[in-house]
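Input: a single structure, listed below in structure tokens.
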Amino acid sequence: MRDFIIHEPDNIGGACSLLLEFGTQARIIAGGTDLLVDLKQHNIEISHLVSLAKIGGLKSITTIGDEIRIGALVSLNEVAESLTVKKRLRALCKAAASMASKQIRNQGTIGGNIASAVPSADLPPALLAAGAHVIITSGESERKVPMSNFFYGPRKTVLAVGEILTQVVIPSIGKKTAIIYKKFKLRGANALAVASVATRITVAGNLIKEGRIVLGAVAPVPMIAELASEMLAGQIPSHNLFFRVAEAAAAEAKPISDIRGSREYRKELIQVLTKQSLDEAFKRATGGGD
Amino acid sequence: MYRLITLNVNGDLRTVAVKPNTTLLDVIRDKLDLTGTKKGCGLGVCGACTVLVDGETMSSCLLLAANMEGKCITTIEGLEEKGKLSAVQKSFIHSGAIQCGYCTPGMVMSAKALIDKSPNPTEAVIKEALGGNLCRCTGYVKILDAVKNWKTYSELDEPEMKEYDLEDYKVVGKSLPRYDARDKVTGRAKYTADIVLPKMLHGKILHSTIPHGRIIRIDTSRAEALPGVKAVIIGKDVPDRQYGVSPPRYDEYVLAKDNVRYVGDEVAAVAAIDEETAERALELIEVEYEELPAVFDVYKAMEEGAPLLHERYPNNINTSVDHHFGDVDRGFQEADYIKEESFTGNFTQQAPLEPHASIGDWQDGLLILHSATQVPHYVHYMLANVFDMPLGKIKVIRPTVGGGFGGKAETTPLDLISCVLSKKTGCPVKMVYSRKEMFLHNRGRHKQYIKMKLGVKRNGEITAFESKIFLDGGAYTSFGIVTVYYAGSMIPTLYKIPNYKYTGRRVMTNKPACGAFRGHGSPQPRFAFECLLNMICDELSLNPVEVRRINSMEADYHTCNDLDIRSCRYKETLLQAVEESGFSEKYGQLNDGHGIGLASGGFVSGAGYTIYRGQVQQHSQKPREPFQKKSIFPHANAIIKISEDGTQAVLFIGAADIGQGSDTILPMIAAEALGLPADRVRIRSEDSDISPIDLGAYSSRITLMGGNAVKRAAEDVLAKLFPVAARLMNCSPEELKASDGFIFSDKDDTKSMEWAEAARKYFNDNSSLIGTGWYKPPEGLGGDYKGATVGTSPAYSFSTAICELNVDISTGKVDVKKFWDYHDCGTPVNPMSVHGQVEGAVVMTTGEALMEDMVYNDRGELVNPNLHEYLLMTIKDTPEIFSGIVDSYEEEGPYGAKEVGEGATVPILGAVAHAIKDATGVWITDLPITPEKILKALKENY
Ligand SMILES: Cc1cc2nc3c(=O)[nH]c(=O)nc-3n(C[C@H](O)[C@H](O)[C@H](O)COP(=O)(O)OP(=O)(O)OC[C@H]3O[C@@H](n4cnc5c(N)ncnc54)[C@H](O)[C@@H]3O)c2cc1C
Ligand code: FES
Ligand code: FES
């Protein structure tokens, strides 16, 4: 690793002004599990790191009404094991638990997973499905950005120089709604998603009121399969419907070929995972399932 | 920009000066000298660097030390209390969960964190907690056992000795924990990278960034000017002699003299005050290349006009083998059924958890090399040749080694470059490969392109077999000349094959060289053969067990390629594995997506001939000698010295324990032969000044060859001791026996005395009690044709593996459920170690079957030079494994023992492929059998 200077401000304002001061020469470090890998391999070159470790208030999971607020520095394992999260958005716990290894989950943070904007990242799909938003601060002011508007390319986000993601806010999921996360990986641990799907279904009576299908690792950013999602609204659930929706989701996916899987294979996986997640989500939304 | 920080490590406050970019791992190891915590990847994937931070496991290679103030850090050294091991540590020792020990500290930390929170974890919970800790040796089976049953194991005062049914022996046949397990579980064991010598510098290599080219100009001036840099060397600074493995094909220079031939080739090297400075300096070296056309494909490389890698290998053909035994044309005429099929292997790598490391220390008139090697003697020999100096002026030290699997079976660039840099600077120079460099250097398995044709009678009896194999060898020979012979020679050792034709070509391409990897050359051809045999069984509706039975190898058989099989219990491995697994009831009967598969294998117990010809002397001193069909010098040599008070024996033998356990097996054999309890023999195997030559850990040779040398050394001790004891007891030496610490008369019950007492007496009257022993393979092994030496061995092992698995038909994902393996290893000297080797081999090779694959792009660059994308199986992927040992005795082996280490890998690929066929109906003939390939095949077939 190249030499750099590490700053450990004890308040957000301090952190933001350091980031502003050093501009592209600076990076935030949270858990460092993504950043240090990049620095060690010389994928990025910077001369300042701004550590969030000493800033209070970023490490807790709180609820306000039915809304959950997760501080950016909450570790992946804390997300995976949080009863609060489990009760309201189990898919997020499952996604967190599916990641990396125990060690990396103890180090890595939810903020880092989102801000690093890696297309295969595991938390964003479930968060997008839940309609979550993030809170971003520049020290002076705060803004609220829906997760669906946060990413705009691999490793590219709306975060401007001097901005910090402080919280992830998950709204009330509502009744008769279930969210399921499915990930396909090539080995049991320390494996990134080859493809992943987060599916949300709300039922009303014997109809699907609305649904949302979010795809991971098959596009430059975690993407909502809009057409497939729309196909669900107002429909009577059936094997046939879910099958067609899964096909549509696969058609919408825009994967690339890489070492983990070819474009074609990823599309097939999307179809399989979408179908599975729809089946499970429907079962759970109607009160069955685990 | 150093700053002082105070860390709480193992309860002590330690103040150290660190730079902001220093990782916690580097501080723990380099500043606090707590070298128990290991580095296996540096990128958060292997878990070797696991420590506890406020009670939670973390990868210290991805933590900045500067961020750690105020946290409580626990390392492996913090688990012992006043010399008493913690419960988990004891459990790891007693359950046999430790082999090379490189993963052990990290594993133990993960286990400790888990048990502290949940003392009775389920298997699923354990696997989750240990998922981030890779182990290349154990197959995780005993690690899982250690954590699951930690209470039971830790409460044992004496480790449990699961006795094997060998009544004749006191020590042989006992499942003793490894002699070095305690050092490994406490972090005390020193691996090469853990060693610090006074004035030591750190070296790094500049690797070629292009696949093929001529070096036009190298400018090192900016690198040399960098403060902290002590030496920069390039091709002109290294000897003009080439080196390699096999003398006729030495084709590498210590640093490239003119051409570079793959991305990763060694171009220049730097020694500096620390690794970071050395790395900086590399960036300041300017190299100008004239890029030459490169070739990456085996078939293209052989075409007329293809870019040529070496003048001396026309058409890029490095080695050609054309063997014909019997008459295949006649054999195929006699066949009722003939099947032909093509298979493709994969590039896989040994990936020992410990990366290669060396410390060169060139003192006045004496060269000392510390090296993480499997073959200290061959490294010794190579240093003598390259530097043109007598062996006696060189000393090779092999510290604890963290796994090898063949990757450490040859002299590495680190071994040689560290010495050159040391000579130039006058300081010891340590060099350690990063994980990426491990992949760049490679020497992994050759990718084999295999075409096979098998003819059988209606009942499945083999009449003829033909095999044509092209091996992608990469840019240099390495072990390749041997590999291409092994790819042919091992086939007729398992079944009786009357007519056999083998055409082998090792081809050079602009990729890193391939070398020897566990099972050397034979796993992929064996995979192909077993698949082909199973395909024929399918097509002729024959029972795969029955067909193997009727073709089965037998004891005292001379194969068509002139190999002499002595003991052979192949049939028993087959029938017992079938019985234990319920194969016959399950095969073809399981539900869709579930399958069971069977394959067999076997291997040599030590190569019949040495790698270089002639006597032990420097290459430059002697003309090349013609080949003689006998061993010129003993392959294994041992000395046993008895302590002056007679209570302890110390065994000296230069056999390399690389995790396979020879430092335990050899003292056990010594103890048995001396008639002493196991704990009264220690071993010194690490230093060429102290211990006589053993050729090392390759070709699965140490138990048989080293064991025989040790046994003879012990017999030599007794031959000297018995006359003294006889005098003391008033009887004749001939009637004496030694066992369990006593010497007694066979004839008279009243005549008995303590072994130590007799030995003490011996010293007082005669000075040191020392015995020596040696072993040479029998004379005349093998045929008289070219290449007949490869595959010769004093003895052969046999095994059968059965695999049961599920395939998710929708994604192609394979979930391996269970393995049954029976091995004919002769007498198991230490059954726990035998099972450990089998379990490790099953998991390693199942990984090769399903997920391991080095992928190159069209510039010859490796796409996945890291453990995140080159996939080793984790504990979460590991099946349940049943390992059985058949009753067997090998006359040529010590107490009847032969091999298990390499042979255990050989049947696995075929068993996995067969099970996948049984589960899905499709054969996948190119490795690895990824989910994607399975799904594609399913779509094409249905
Ligand atoms: C072995 C291994 C396995 C992995 N497996 C997985 C996996 O299975 N799935 C997966 O999704 N990821 C995986 N990762 C990636 C990584 O661990 C996770 O993405 C993790 O959540 C990153 O969090 P961090 O706190 O470590 O981020 P850091 O490395 O600290 O930061 C990552 C990036 O985000 C920025 N950043 C961090 N926090 C903030 C903030 N609050 N505001 C603004 N910017 C911020 C940083 O500047 C940096 O650019 C793996 C990593 C490793 C090393
Ligand atoms: S060295 Fe840290 S995880 Fe491999
Ligand atoms: S014992 Fe686990 S890597 Fe060797």
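The values are calculated or read from the model by the stated rules, or taken from the named source; none is laboratory data. The model shown is predicted, which means the values in this text are computed figures rather than measured ones. Here the Cβ positions follow ideal geometry from the backbone for every residue, glycine too, while neighbour counts run over all protein chains shown.
Could you say which residue among B:THR920, B:THR905 is in the same structural domain as B:GLU848 (by TED's automatic domain parsing), farther than 17 Å from B:MET535 by Cα, touching a residue at least 40 places away in the same chain (Cβ under 8 Å) and of a type in the set (Val, Ile, Thr)? Walk me through how you get there before you give the answer.
On the way: B:THR920 fails: farther than 17 Å from B:MET535 by Cα.
It is B:THR905.
I'm trying to understand the selection: among the residues of segment B:859-882, which are within 9 Å of another protein chain (Cβ to nearest Cβ) and either in contact with a strand residue (DSSP E or B) (Cβ under 6 Å, 6 or more places away or on another chain) or among the charged types (D, E, K, R) (or both)?
Once the filter is applied, which keeps residues that are within 9 Å of another protein chain (Cβ to nearest Cβ) and either in contact with a strand residue (DSSP E or B) (Cβ under 6 Å, 6 or more places away or on another chain) or among the charged types (D, E, K, R) (or both), segment B:859-882 yields B:GLU869, B:LYS876, B:ASP877.
So how many residues does segment A:182-224 have that are of a type in the set (A, V, I, L, M), closer than 17 Å to A:GLU264 by Cα and out of contact with any Ser or Thr (no Cβ under 6 Å at 6 or more places or on another chain)? Even if it seems obvious, please write down each step before you answer.
Of segment A:182-224, the ones of a type in the set (A, V, I, L, M) are A:186, A:189, A:191-195, A:197-198, A:201, A:203-204, A:207-208, A:213-215, A:217-219, A:221, A:223-224.
Among the residues that remain, those that are also closer than 17 Å to A:GLU264 by Cα are: A:186, A:193-195, A:197, A:215, A:217-219.
Add one more test, that the residue is out of contact with any Ser or Thr (no Cβ under 6 Å at 6 or more places or on another chain), and what stays is A:186, A:194-195, A:215, A:218-219.
So the answer is 6.
Which is surrounded by fewer than 24 Cβ atoms within 10 Å (Cβ to Cβ), at pLDDT 95 or above and away from ligand 1 (no atom under 16 Å from the Cβ), of B:ALA124, B:ALA97? First the steps, then the outcome.
On the way: B:ALA97 fails: surrounded by fewer than 24 Cβ atoms within 10 Å (Cβ to Cβ).
B:ALA124 is the lone residue from the list that is surrounded by fewer than 24 Cβ atoms within 10 Å (Cβ to Cβ), at pLDDT 95 or above and away from ligand 1 (no atom under 16 Å from the Cβ).
Of everything in segment B:39-58, what is at the interface with chain A (Cβ under 7 Å from one of its Cβ atoms) and in a loop (DSSP other than H, G, I, E, B)? Give them in sequence order. Show your work before the answer.
Of the residues in segment B:39-58, the ones at the interface with chain A (Cβ under 7 Å from one of its Cβ atoms) are B:42-45, B:47, B:50, B:56-58.
Within segment B:39-58, B:GLY42, B:LEU43, B:GLY44, B:VAL45, B:GLY47 meet the criteria.
Please specify each residue of segment A:7-30 satisfying the condition of being in a helix (DSSP H, G or I) and not polar (S, T, N, Q). Please lay out each step first, then the result.
Pass one, segment A:7-30, residues in a helix (DSSP H, G or I): A:12-25.
Those that are in a helix (DSSP H, G or I) and not polar (S, T, N, Q): A:ILE12, A:GLY13, A:GLY14, A:ALA15, A:CYS16, A:LEU18, A:LEU19, A:LEU20, A:GLU21, A:PHE22, A:GLY23.
Taking the conditions exactly as written (out of contact with any Lys or Arg (no Cβ under 9 Å at 6 or more places or on another chain) and either within 16 Å of ligand 3 (Cβ to nearest atom) or on the phi > 0 side of the Ramachandran plot (or both)), does B:GLY40 satisfy them or not? It would help to see each step written out before you state the result.
Numbers: out of contact with any Lys or Arg (no Cβ under 9 Å at 6 or more places or on another chain): no; either within 16 Å of ligand 3 (Cβ to nearest atom) or on the phi > 0 side of the Ramachandran plot (or both): yes.
It is false that B:GLY40 is out of contact with any Lys or Arg (no Cβ under 9 Å at 6 or more places or on another chain) and either within 16 Å of ligand 3 (Cβ to nearest atom) or on the phi > 0 side of the Ramachandran plot (or both).
Taking the criterion of being among the small types (Gly, Ala, Ser), under 25 Å from B:LEU52 (Cα atoms) and surrounded by fewer than 19 Cβ atoms within 10 Å (Cβ to Cβ), would at least one residue in segment A:109-132 satisfy it?
Keep residues of segment A:109-132 that are among the small types (Gly, Ala, Ser), which gives A:111-112, A:115-117, A:120-121, A:126, A:129-132.
Filter again for under 25 Å from B:LEU52 (Cα atoms), leaving A:111-112.
Checking the rest, the ones that are also surrounded by fewer than 19 Cβ atoms within 10 Å (Cβ to Cβ) come to none.
Within segment A:109-132, not a single residue is among the small types (Gly, Ala, Ser), under 25 Å from B:LEU52 (Cα atoms) and surrounded by fewer than 19 Cβ atoms within 10 Å (Cβ to Cβ).
Can you tell me which of B:GLY70, B:GLY36 is in a loop (DSSP other than H, G, I, E, B) and within 14 Å of another protein chain (Cβ to nearest Cβ)?
B:GLY70
Within segment A:133-155, which residues are crowded, with 22+ Cβ neighbours inside 10 Å and within 12 Å of ligand 1 (Cβ to nearest atom)? Please lay out each step first, then the result.
Residues of segment A:133-155 crowded, with 22+ Cβ neighbours inside 10 Å: A:134, A:136, A:147, A:150-151.
Selection gives A:VAL134, A:ILE136, A:PHE150.
Please tell me if B:THR845 is assigned to a helix (DSSP H, G or I), away from chain A (no Cβ under 14 Å) and under 30 Å from B:SER489 (Cβ atoms). Walk me through it before giving the result.
Numbers: assigned to a helix (DSSP H, G or I): yes; away from chain A (no Cβ under 14 Å): yes; under 30 Å from B:SER489 (Cβ atoms): yes.
Yes: the conditions hold for B:THR845.
If you check B:VAL681 against the conditions, is it crowded, with 24+ Cβ neighbours inside 10 Å and more than 22 Å from B:GLY901 (Cα to Cα)? First the steps, then the outcome.
Details: crowded, with 24+ Cβ neighbours inside 10 Å: yes; more than 22 Å from B:GLY901 (Cα to Cα): yes.
In short, yes.
Which ones in segment B:542-567 are assigned to a loop (DSSP other than H, G, I, E, B) and either surrounded by fewer than 18 Cβ atoms within 10 Å (Cβ to Cβ) or without any contact (Cβ under 8 Å) to a residue 40 or more places away in the chain (or both)?
B:ASN543, B:GLU554, B:ALA555, B:ASP556, B:ASP562
Go through the residues of segment B:891-910 one by one and say whether even a single one is among the β-branched types (Val, Ile, Thr), part of a strand (DSSP E or B) and away from chain A (no Cβ under 14 Å). Quick ask: steps written out before the conclusion?
Of segment B:891-910, the ones among the β-branched types (Val, Ile, Thr) are B:900, B:905-906, B:908.
Now drop any that are not part of a strand (DSSP E or B), which leaves none.
No, every residue in segment B:891-910 fails to be among the β-branched types (Val, Ile, Thr), part of a strand (DSSP E or B) and away from chain A (no Cβ under 14 Å).
What number of residues within segment B:1-33 are assigned to a loop (DSSP other than H, G, I, E, B) and either modelled with pLDDT of 95 or more or buried (at least 18 other Cβ atoms within 10 Å of the Cβ) (or both)?
Taking segment B:1-33 first, the residues assigned to a loop (DSSP other than H, G, I, E, B) are B:1-2, B:10-11, B:19-22, B:32-33.
Adding the requirement that they be either modelled with pLDDT of 95 or more or buried (at least 18 other Cβ atoms within 10 Å of the Cβ) (or both) leaves B:10-11, B:19-22, B:32-33.
Adding up the residues that qualify gives 8.
Do you know which residues across segment A:70-93 are surrounded by fewer than 17 Cβ atoms within 10 Å (Cβ to Cβ) and away from chain B (no Cβ under 14 Å)? Please lay out each step first, then the result.
The initial filter retains those residues of segment A:70-93 that are surrounded by fewer than 17 Cβ atoms within 10 Å (Cβ to Cβ), namely A:81, A:83-84, A:86-87.
A:LEU83, A:THR84, A:LYS86, A:LYS87, listed by residue number.
Residue under question is A:LYS54, and the condition is that it be more than 19 Å from the chain's Cα centre (by Cα), at negative phi and within 16 Å of ligand 2 (Cβ to nearest atom); does it hold?
Values: more than 19 Å from the chain's Cα centre (by Cα): yes; at negative phi: yes; within 16 Å of ligand 2 (Cβ to nearest atom): no.
Here the answer is no, as A:LYS54 does not meet what is asked.
So that you can scan it fast, the table gives a plain yes or no per residue for (1) surrounded by fewer than 23 Cβ atoms within 10 Å (Cβ to Cβ); (2) within 14 Å of chain A (Cβ to nearest Cβ); (3) away from ligand 2 (no atom under 16 Å from the Cβ):
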{"site": "B:GLY131", "(1), (2), (3)": "no, yes, no"}
{"site": "B:ASP145", "(1), (2), (3)": "yes, no, yes"}
{"site": "B:VAL196", "(1), (2), (3)": "yes, no, yes"}
{"site": "B:GLY203", "(1), (2), (3)": "no, no, yes"}
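Could you please tell me which pairs satisfy a Cβ distance under 6 Å, a separation of 6+ or placement on different chains, a first residue in segment B:844-873 that is modelled with pLDDT of 95 or more, and a second residue that is β-branched (Val, Ile, Thr) and within 16 Å of ligand 2 (Cβ to nearest atom)?
Listed pairs, sorted by first residue: B:LEU867/B:VAL45; B:HIS868/B:VAL45.
Please verify whether segment B:76-96 includes one or more residues that are within 11 Å of chain A (Cβ to nearest Cβ), in contact with a helix residue (DSSP H, G or I) (Cβ under 6 Å, 6 or more places away or on another chain) and aliphatic (A, V, I, L, M). Spell out how you get there, then give the answer.
Here is the first cut: in segment B:76-96, the residues within 11 Å of chain A (Cβ to nearest Cβ) are none.
For segment B:76-96, residues within 11 Å of chain A (Cβ to nearest Cβ), in contact with a helix residue (DSSP H, G or I) (Cβ under 6 Å, 6 or more places away or on another chain) and aliphatic (A, V, I, L, M): absent.
Which residue, of B:CYS61, B:CYS100, is away from chain A (no Cβ under 14 Å) and in contact with a Cys (Cβ under 8 Å, 6 or more places away or on another chain)? Give the steps one after another, and end with the answer.
On the way: B:CYS61 fails: away from chain A (no Cβ under 14 Å).
Just a single option satisfies the conditions, and that option is B:CYS100.
On the basis of being on the phi > 0 side of the Ramachandran plot and crowded, with 24+ Cβ neighbours inside 10 Å, does B:GLY826 make the cut? Spell out the reasoning first.
Working: on the phi > 0 side of the Ramachandran plot: yes; crowded, with 24+ Cβ neighbours inside 10 Å: yes.
Yes: the conditions hold for B:GLY826.
Given the condition within 14 Å of chain B (Cβ to nearest Cβ) and touching a Phe, Trp or Tyr at 6+ places or on another chain (Cβ under 6 Å), answer yes or no: does some residue in segment A:237-258 qualify?
No, that holds for no residue.
Just to verify a result, which residue in segment A:75-96, among those that are within 10 Å of ligand 1 (Cβ to nearest atom) and among the hydrophobic types (A, V, I, L, M, F, W, C), is farthest from B:GLU128 (Cα to Cα)?
Our first condition is that a residue be within 10 Å of ligand 1 (Cβ to nearest atom); within segment A:75-96, this holds for A:75-76, A:79, A:95-96.
Adding the requirement that they be among the hydrophobic types (A, V, I, L, M, F, W, C) leaves A:76, A:79, A:95-96.
Numbers: A:LEU76: 14, A:VAL79: 16, A:ALA95: 14, A:ALA96: 13 Å.
Per the criteria, the residue is A:VAL79.
Which of the residues that make up segment B:784-827 are within 14 Å of chain A (Cβ to nearest Cβ) and among the charged types (D, E, K, R)?
B:ASP808, B:LYS813, B:ASP815, B:LYS817 - these are the residues of segment B:784-827 that are within 14 Å of chain A (Cβ to nearest Cβ) and among the charged types (D, E, K, R).
Looking at A:SER116, A:SER172, A:SER138, A:SER101 in this structure, which one is touching a residue at least 12 places away in the same chain (Cβ under 8 Å) and either touching a strand residue (DSSP E or B) at 6+ places or on another chain (Cβ under 7 Å) or among the basic types (Lys, Arg) (or both)? Show your work before the answer.
Values: A:SER116 fails: either touching a strand residue (DSSP E or B) at 6+ places or on another chain (Cβ under 7 Å) or among the basic types (Lys, Arg) (or both); A:SER138 fails: either touching a strand residue (DSSP E or B) at 6+ places or on another chain (Cβ under 7 Å) or among the basic types (Lys, Arg) (or both); A:SER101 fails: either touching a strand residue (DSSP E or B) at 6+ places or on another chain (Cβ under 7 Å) or among the basic types (Lys, Arg) (or both).
Answer to the selection: A:SER172.
Considering only segment A:131-156, how many residues are modelled with pLDDT under 95 and touching a Phe, Trp or Tyr at 6+ places or on another chain (Cβ under 8 Å)?
Selection size over segment A:131-156: 0.
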